[in-house]
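Please find one structure pasted underneath; my questions will follow.
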Amino acid sequence: MSLKSERRAIHVDQSELLCKKGCGYYGNPAWQGFCSKCWREEYQKARQKQIQEDWELAERLQREEEEAYASSQGAQGGQTSLGFTKFEEKKSNEKARKVTTVKKFFTASSKSVPKKADMKEAKAPSPSLTRQYSIETDRVSKDFIEFLKTYHKAGHDVYKQCKVFLETIHHKKESNIDELSEFTQDFYQNTADKLQMYWKVPPNKVEEAMDQIEKFIMTRLYKHVFCPETTDDEKKDLTVQKRIRALHWVTPQMLCVPVNEDIPEVSDMVVKAITDIIEMDSKRIPRDKLACITGCSKQIFNAIRITKNEPASADDFLPTLIYIVLKANPPRLQSNIQYITRFCNPSRLMTGEDGYYFTNLCCAIAFIEKLDAQSLNLSEEEFSRYMSGQASPKKQDTDIWDADTCPGVKQMHRNLDLLSQLSERQERIVTGAKKLEKDLIDWTEEVTRDVQDIVEKYPLHIKANSQALASIDSENVEDDRLPPPLQPQVYAG
């Protein structure tokens, strides 16, 4: 089958992964089958609807509060204004106390000796603040505080909102993971809107601030929201790993991968791509996990470009990404995908190259889960034999290797080829031995029958000899023509 027909077969299977809105782009299973653009539109519609409902609710509550205040003021007279004045004074004192506490993190006086009032407030810290954080968490906190100092008043408010958010999540950690994800996404959106509209932060600095906010809060929430026990993420991880292990025999030619690993530079890029996709599991922040996916994808594009001497296309990229995932078999792949989908900054997933590469990775996983004989241009019999391990595609010549190839890999392939040859020879020897045994039995029976027939046909009769036989050593006196016996001769020296 030609290379074009193989590509066409794969494209037919990939068409099932297109956006269900019909825009022609690949859909992301984590986004209900929409592509990033269509999902962004759907999300913005839902977001605008929610904001409108919140405004209507706020206006209704404000009207009810004003009506209640007006009715209570007419009944209580002067006492009401005195009580309201005390309430406003108490509210102002509480607000001033909170602002003073937050300012400690942003002023140079934070290292000075605390006052007695501050020591009294520190006697009853909240449960989340008493938690023992790791060294990485402490470092991230310090970096986040230093970063927010450049935002002045907006930095104070952002830090306060992040602390309130973490406190709320701490009390909600027993909630459903989808609820926590929705709450986190709303926090991202509200904070970004306030930075841009209320605090008048430039758009480029808003994106930078959101990255730091995500890093700060997700470093603390990682162990609570990554692969939680209330979900089946771990079960999906095991299923995907088992599936990829069963497909270890898939070759680049079957997937129409336009990468020549015989080129040393391309081989190094393939190794780096595998390393990047595996390192994704070691990161704690969604943005860092996306950076690993982006790094892997860029290595793939460079490998294709060097192999073909021309820029890579999307049709070349997706099959190569599938091949890299099959070779790498990344740990906890589904858990990492779900974690990024649930808790990554939505603006990063919906725009830019990070979102594009992440969508392609989701499509690659979906393709692997549905991969069958037709996808690889194989017969059902061949596919079943390969999946069961009864057969394996023909290996390349193991005598031709790159200079920097691992000696262990070379020896492993030589041993596999030798074992295959020995197995074939053993089968031939066993077949020949059985045939020889049968031939020997048949020959023995035939010889026995022939001897019996000859004996029966020509019986043996032994006659007695009437004359006595003379001894060979006796003297023969009758024959005088024999030469005399040889006598030893002595010669003088």
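The values are calculated or read from the model by the stated rules, or taken from the named source; none is laboratory data. The structure displayed is predicted, hence computed values, not measured ones. For neighbour counting, all protein chains shown are included, and Cβ atoms are generated from backbone atoms with ideal geometry for every residue, glycine included. Side chains included, ligands, DNA and RNA excluded: accessible areas come from the protein's heavy atoms. Shrake-Rupley method; radii C 1.70, N 1.55, O 1.52, S 1.80 Å.
Condition first: in contact with a helix residue (DSSP H, G or I) (Cβ under 8 Å, 6 or more places away or on another chain), outside any helix (DSSP H, G or I) and free of Cβ contacts under 8 Å to residues at least 60 places away in the same chain. Can you find one or more residues in segment 243-259 that meet it?
Within segment 243-259, none of the residues are in contact with a helix residue (DSSP H, G or I) (Cβ under 8 Å, 6 or more places away or on another chain), outside any helix (DSSP H, G or I) and free of Cβ contacts under 8 Å to residues at least 60 places away in the same chain.
Across segment 263-282, what is the number of residues that are open to solvent by 70 Å² or more (accessible area, probe 1.4 Å) and of a type outside the set (A, V, I, L, M)?
The total comes to 6.
What are the residue pairs meeting all of these: first residue in segment 343-371, first residue open to solvent by 10 Å² or more (accessible area, probe 1.4 Å), second residue of a type in the set (Lys, Arg) and in a helix (DSSP H, G or I), Cβ atoms under 7 Å, and 6 or more apart or on different chains?
ARG348/ARG287; MET350/ARG40; ASP354/ARG348; GLU369/ARG243
A further question on this structure: Could you please tell me which pairs satisfy a Cβ distance under 8 Å, a separation of 6+ or placement on different chains, a first residue in segment 269-282 that is within 17 Å of PHE226 (Cα to Cα), and a second residue that is of a type outside the set (A, V, I, L, M, F, W, C) and part of a helix (DSSP H, G or I)?
Within 8 Å, the pairs are MET280/LYS289; MET280/ASN336; ASP281/ASN336.
Moving on to the next point. Report the residue count in segment 404-431 for those that are part of a helix (DSSP H, G or I) and either polar (S, T, N, Q) or at pLDDT 90 or above (or both).
Total meeting the criteria: 9.
Right, something else. Being under 20 Å from THR351 (Cβ atoms), basic (Lys, Arg) and in a helix (DSSP H, G or I) narrows it down to one of LYS236, LYS223, LYS215, so name that one.
LYS215
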